[in-house]
Amino acid sequence: MATYTQERAAELRENIGAVLNAIDSAAGPSVKPRLVAISKLKPASDIQALYDAGYRHFGENYIQELADKAAILPKDIQWHFVGSLQSNKAKLAASIPNLYCLETLSSIKVADLLERSISDRPALNVYLQVNTSGEDSKSGLSPLTQNRDELLQLALHVKRSCPHLNLLGLMTIGSFESSHDTSNPNPDFTCLKQSRDELRRKLVEAGLECNDLELSMGMSADFEQATREGSSSVRVGTRIFGERPRKN
Ligand SMILES: *Cc1c(COP(=O)(O)O)cnc(C)c1O
């Protein structure tokens, strides 16, 4: 693996420090969200530099890239997968021993494939992805309402039939417009919170034990607002690593 320059390492430390400070002031006395550094399309040396500065939570968008990086980077990194997982890649995802959380689960089919592929590791944390903006371009299940309960069905399936998966919470990407309008409560965040509260109520109603469910929301443009609105985990790429190269 290419080693990093001290100059680049200092730049990355400064960037992530600024993000952490912004999270601190946005959180005030409330519990701070976890910061996941989204390192997709950035070199492993960048991740190593932040690892050496003490950071452990990193996120990737392409499962093969995550697997390749996980193989050469320290084994106590806690990886988050934030991209869409095709069913033919479920086995690969399940084989990564330090995959901490799959943030984009949105089908029973993939849940079953993961469940069958996992054996000798602790339960894999999953977030269910919710398409809070309703945009066709976004993945995820519909928010939980009286007429749409696919989110509940998947949560029930994970709880009842997937002992190797741990339902940790819900995740949304949200619309570009909402993420760049910081004047109002962000409708995507409000929607995700409503789905979380409703889901928890239904799970308890179904007689299932249910810890508080986390919320993964907030990216470079809106992680401060997400923090103010109760996010448990923010996913920040550009503000830490700089602009990404185009993926061809
Ligand atoms: C790329 C990506 C991020 C990070 O985006 P930035 O705007 O660069 O902070 C967060 N979440 C997901 C799902 C992503 O794909």
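The values are calculated or read from the model by the stated rules, or taken from the named source; none is laboratory data. Treat the numbers as computed from the prediction; the structure is a model and nothing was measured. Quick reminder, even Gly has a Cβ in these numbers, built from the backbone with ideal geometry, and neighbours come from all protein chains shown. Protein only, heavy atoms only, side chains kept; ligands, DNA and RNA dropped before computing areas. Shrake-Rupley method; radii C 1.70, N 1.55, O 1.52, S 1.80 Å.
Taking into account only those residues within the stretch 193-221 that are polar (S, T, N, Q) and more than 11 Å from the ligand (Cβ to nearest atom), which is nearest to F58 (Cα to Cα)?
Narrowing the stretch 193-221 to residues polar (S, T, N, Q): 194-195, 211, 216, 220.
In the following step, the residues that additionally are more than 11 Å from the ligand (Cβ to nearest atom) were identified as 194-195, 211.
Numbers: Q194: 27, S195: 26, N211: 24 Å.
Residue satisfying both the conditions and the ranking: N211.
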| request: Could you please let me know if Q48 is surrounded by 16 or more Cβ atoms within 10 Å (Cβ to Cβ), closer than 26 Å to L102 by Cβ and either touching a Pro at 6+ places or on another chain (Cβ under 7 Å) or not hydrophobic (A, V, I, L, M, F, W, C) (or both)? | output: yes
| query | Looking only at the stretch 24-45, which residues are closer than 29 Å to A67 by Cβ, buried (at least 19 other Cβ atoms within 10 Å of the Cβ) and aliphatic (A, V, I, L, M)? | reply | L35, V36, A37, I38, A44
| task | Please state which of the following conditions C162 fails to meet, knowing it meets all the rest: (1) open to solvent by less than 10 Å² (accessible area, probe 1.4 Å); (2) farther than 17 Å from G218 by Cα; (3) within 14 Å of the ligand (Cβ to nearest atom). | result | (3)
| Residue check, D149 against (1) surrounded by 15 or more Cβ atoms within 10 Å (Cβ to Cβ); (2) within 16 Å of the ligand (Cβ to nearest atom), all met but one. Which one? | (2)
| Long-range neighbours under 8 Å by Cβ, at least six apart or interchain, first residue over 13 Å from A226 (Cβ atoms) within the stretch 31-44, second within 10 Å of the ligand (Cβ to nearest atom) and at pLDDT below 95 | K40/R244; L41/R244; K42/R244
| request: Starting from residues that are over 19 Å from V126 (Cβ atoms) and free of Cβ contacts under 8 Å to residues at least 40 places away in the same chain, keep the ones in the stretch 57-72 and report whichever is farthest from the ligand (Cβ to nearest atom). | output: A71
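Based on what the data block shows, is E224 open to solvent by 40 Å² or more (accessible area, probe 1.4 Å), within 22 Å of G59 (Cβ to Cβ), among the acidic types (D, E) and within 16 Å of the ligand (Cβ to nearest atom)? Give the steps one after another, and end with the answer.
Working: open to solvent by 40 Å² or more (accessible area, probe 1.4 Å): yes; within 22 Å of G59 (Cβ to Cβ): yes; among the acidic types (D, E): yes; within 16 Å of the ligand (Cβ to nearest atom): yes.
Yes; evaluated as a whole, the condition is true for this residue.
Just the residues that are part of a loop (DSSP other than H, G, I, E, B), within 18 Å of the chain's Cα centre (by Cα) and not polar (S, T, N, Q), please, taken from the stretch 45-101. Give the derivation first.
We begin by selecting, within the stretch 45-101, every residue part of a loop (DSSP other than H, G, I, E, B); these are 53-56, 61-62, 73-77, 82-86, 95-98.
Among the residues that remain, those that are also within 18 Å of the chain's Cα centre (by Cα) are: 55-56, 61-62, 76-77, 82-86, 96-98.
Those that are part of a loop (DSSP other than H, G, I, E, B), within 18 Å of the chain's Cα centre (by Cα) and not polar (S, T, N, Q): Y55, R56, Y62, D76, I77, V82, G83, L85, I96, P97.
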| remark: Residues of the stretch 103-146 being closer than 26 Å to D188 by Cα, open to solvent by 20 Å² or more (accessible area, probe 1.4 Å) and touching a His at 6+ places or on another chain (Cβ under 7 Å), in sequence order, are I108
| said: open to solvent by 20 Å² or more (accessible area, probe 1.4 Å), within 19 Å of V82 (Cβ to Cβ) and either within 16 Å of the ligand (Cβ to nearest atom) or in contact (Cβ under 8 Å) with a residue 12 or more places away in the chain (or both): is that true of M171 in this structure? | reply: no
